[in-house]
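Read through the structure below, which is laid out as structure tokens, and then see the notes.
The values are calculated or read from the model by the stated rules, or taken from the named source; none is laboratory data. What you are looking at is a predicted structure, and each value in this text was computed from that prediction instead of being measured. Cβ: placed from backbone, ideal geometry, glycine included. Neighbour counts: every protein chain shown.
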Amino acid sequence: MAHAPEIRSAVRSTYIYQQLSLEAAAERLKVSFGTAARWKREALENGDDWDRARSAALLSSQGAEAVTQAVLEQFVTLFQSTMTGLKEDTKATALSKAEALSRLSDAYNKTMSAVAKGSPKLNKLAVAMEVIEMLSDFVGNQFPQHASVFIDILEPFGECLSQNLS
């Protein structure tokens, strides 16, 4: 049985925007699952990735700010564990710790820049983190012998900063 193009479009729309499974979307529109799966496969072959569109729709429905917040939370967790590992590494020299701190600060700065673009509310935090990155580079370049002390201070200060600017 041939289906009208509107039915194919409705299956796609239901799958993508209502976030129903393909099986449920097909059932709702009285189309066999096999037909819906074939439409989805054909669309992908023609450059229309229903799964990618579905993911984009889900992200936009949650809002860029929610997605940005989730990414930031994951990064902060990794940042803190790296800082802890760096602080506890007794074999590393002060210079190698300063270099690692500089790289970590650079990654943090880039992440915060992306966060600022994705969430205006987090922009203040991004600016603060840029200042911390500049300070980290300064300590690493001018006072590498103080890198360990700086790391001891930076980790709890980062948590304090996060709480006060959110």
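With respect to (1) of a type in the set (Gly, Ala, Ser); (2) within 21 Å of the chain's Cα centre (by Cα); (3) modelled with pLDDT of 85 or more, the lone exception for residue 61 is condition (3). Number of residues in the range 120-146 that are modelled with pLDDT of 85 or more and closer than 20 Å to residue 76 by Cα: the value is 1. Within the range 19-35, at least one residue is outside the structural domain of residue 109 (by TED's automatic domain parsing), crowded, with 16+ Cβ neighbours inside 10 Å, at pLDDT 90 or above and small (Gly, Ala, Ser). I'm trying to understand the selection: among the residues of the range 68-107, which are under 15 Å from residue 151 (Cβ atoms), of a type in the set (Asp, Glu) and surrounded by 13 or more Cβ atoms within 10 Å (Cβ to Cβ)? Within the range 68-107, 89, 99 meet the criteria.
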